[in-house]
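Peer 1: Got a structure for you, questions after.
Taken together, the values in this text are just the output of simple stated rules run on the coordinates, not laboratory data. Owing to the predicted nature of the structure, the values given are computational and were not obtained by experimental measurement. We place every Cβ from the backbone using ideal geometry, glycine too, and count neighbours over all the protein chains shown.
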Amino acid sequence: MTLLSRGFGMLRPVLHALDAEQAHRLTIKALCAAPAMQRNTPRHQALAQTVFGIAFPNPLGLAPGFDKNAEVPDPMLAQGFGFVEVGTVTPRPQEGNPKPRLFRLREDEAVINRMGFNNEGAAAVARRLDARRARGGIVGVNIGANKDSEDRMADYAEGVRWFGPRASYLTVNISSPNTPGLRGLQSRDELTRLLDRVNEARLALPRRLPVLLKIAPDLSDAELADIVACTAKGEVDAVIISNTTLSRPSLRSRQAGEQGGLSGKPLFHLSTRQLAKFHQLSGGRVPLIGVGGISDAETAWQKVLAGASLLQVYSALVYQGPGLVTDILDGLAHKLREHHLISLSEAVGLKSADWARA
């Protein structure tokens, strides 16, 4: 267990007494000021796998949103994450939506946000990635479009040019519910045009960079099928399922009526069902990253059974702290032994048909 993990139990009441965004900013500052931590060595060789050409030491990643500006990828890798995704980063800096815009739903172990791609812009993030380049580790960059952009597709192509030389992989984020009109890029015609622009920019890079697509959990079956058709021929290297939801399952918190995207435990069933549907529709040919509602080893395992080769968490860290990383990885390794499997890849999609019907 890392020093950060041990200290979280004492700090959580203090952090949760603060406004959610203020607490998050203080956490980032504390991580920036902390002494450099040695990165955890892989605990379970059976969890290591190569996906879209990258050798991951374990399948658990930090989802974007925590480290929007690439300030602390190395302290988070030191917690045992197999990879970290920073962002969302837009070409130009932007403030995002008015505050308050981040809300804890404690009774539901959930979060609602309407941040609106607040970030310092591509140039600032690129400088930080350049400064840490020699440290290694898998650091992906999640790219988006500026809210006031006249050509959002051009913004994504610009993101490829900025971070193609600097990122382990790129994620094209067209599924945030907090930028008006952005989710319209998930339609078949718009997505085809967008991926053409992204791949044109990718071809100009000096190396073959993996490009991922992040989609919403609120898509209809027909919309999901359209995205499968757009991604089935190598236009992207993997799909992340899913972003936050605009739906509101049964919630207990008084904050449940806030506008924005819902993440955390209540998203688990919806996002996992969509993951399984995509796995079924694509015949398992497109690698998937499962996100949404992972809160322990069992929910992580179910994502794998539904079709996920890799996983990401964020909201659960708000409530459980960084010790969650070790708990999930140890639990996944135990699941493999329990089911007499040699590697995690053997478990991917074993229950996707069941989950798709759930």
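Peer 1: With only Lys, Arg, Asp and Glu charged, each at its Cβ (+1 for the first two, -1 for the last two), find how big the charge dipole of the chain is about the Cα centre; round to the nearest 20 debye.
Peer 2: 540
Peer 1: At 222 nm, what value in deg cm²/dmol follows for the chain if DSSP H runs of at least 4 each add -39500 (n - 2.57) and the sum is divided by all its residues, to the nearest 500?
Peer 2: My calculation for the chain gives -11500 deg cm²/dmol from helical runs alone.
Peer 1: For region 317-358, how big is the tail of P(r) above 15 Å, as a whole percent of Cα pairs?
Peer 2: So the pairs more than 15 Å apart make up 57 percent of the total in region 317-358.
Peer 1: Return the whole-Å distance between the Cα centroid of region 146-186 and the Cα centroid of region 189-262.
Peer 2: Going from one Cα centre to the other spans 11 Å.
Peer 1: I need the helices of the chain that pass two filters: whole DSSP H segments spanning 18 Å or more by Cα along the axis, and mean Kyte-Doolittle score no lower than -1.0.
Peer 2: Both cut-offs are met by 3-16, 20-33, 188-203, 268-281, 323-338.
Peer 1: Mind jotting down the distance between the C-alpha centroids of region 288-332 and region 94-142, whole Å?
Peer 2: Their Cα centres are 20 Å away from one another.
Peer 1: Once amide H atoms are built 1.01 Å from N in the peptide plane, which residues 5 or more positions from L105, or in another chain, come under 5 Å H to H?
Peer 2: Excluding prolines and chain starts, which carry no amide H, the hits are A110, V111, I112.
Peer 1: Follow-up question, since we're still on this one. What translational D, rounded to a whole number of µm²/s, comes out for region 67-206 from Stokes-Einstein when the hydrodynamic radius is the Kirkwood one over Cα pairs, at 25 °C and 0.890 mPa s?
Peer 2: 155
Peer 1: Where does each of 241-252, 139-150 land if you order them by average Cβ count within 10 Å, highest first?
Peer 2: By packing density, highest mean first, the sequence is 139-150, 241-252.
Peer 1: Over all directions, average the projected area of the Cα convex hull of region 3-357 and note it in nm².
Peer 2: 16.3
Peer 1: With a sphere of radius 12 Å drawn around the Cβ of I241, what net charge do the other residues whose Cβ falls strictly inside it have (Lys, Arg +1; Asp, Glu -1)?
Peer 2: Within the 12 Å Cβ shell, the charges total +3.
Peer 1: What lysines does K351 reach when the alpha-carbon gap must be under 16 Å and sequence neighbours fewer than 8 apart in one chain are set aside?
Peer 2: K277, K303, K335
Peer 1: Here is a further query. Give the lysines reachable from K29 as a straight Cα distance under 21 Å; neighbours fewer than 8 places away on the same chain don't count.
Peer 2: Within reach: K68, K99.
Peer 1: Can you find, among I143, G82, V160, the residue sitting farthest towards the positive end of the charge dipole of region 69-166, where Lys and Arg contribute +1 and Asp and Glu -1 at Cβ?
Peer 2: Farthest along the dipole direction, towards plus: G82.
Peer 1: Right, something else. Can you tell me what share of the DSSP beta bridges in the chain is antiparallel? A percent to the nearest 5 is fine.
Peer 2: Given both bridge residues lie in the chain, the antiparallel proportion sits at roughly 30 percent.
Peer 1: Here's something else I'd like to know. What ranking do 109-115, 85-91 get when scored by the average of other Cβ atoms within 10 Å per residue, highest first?
Peer 2: Descending packing order for the listed peptides: 85-91, 109-115.
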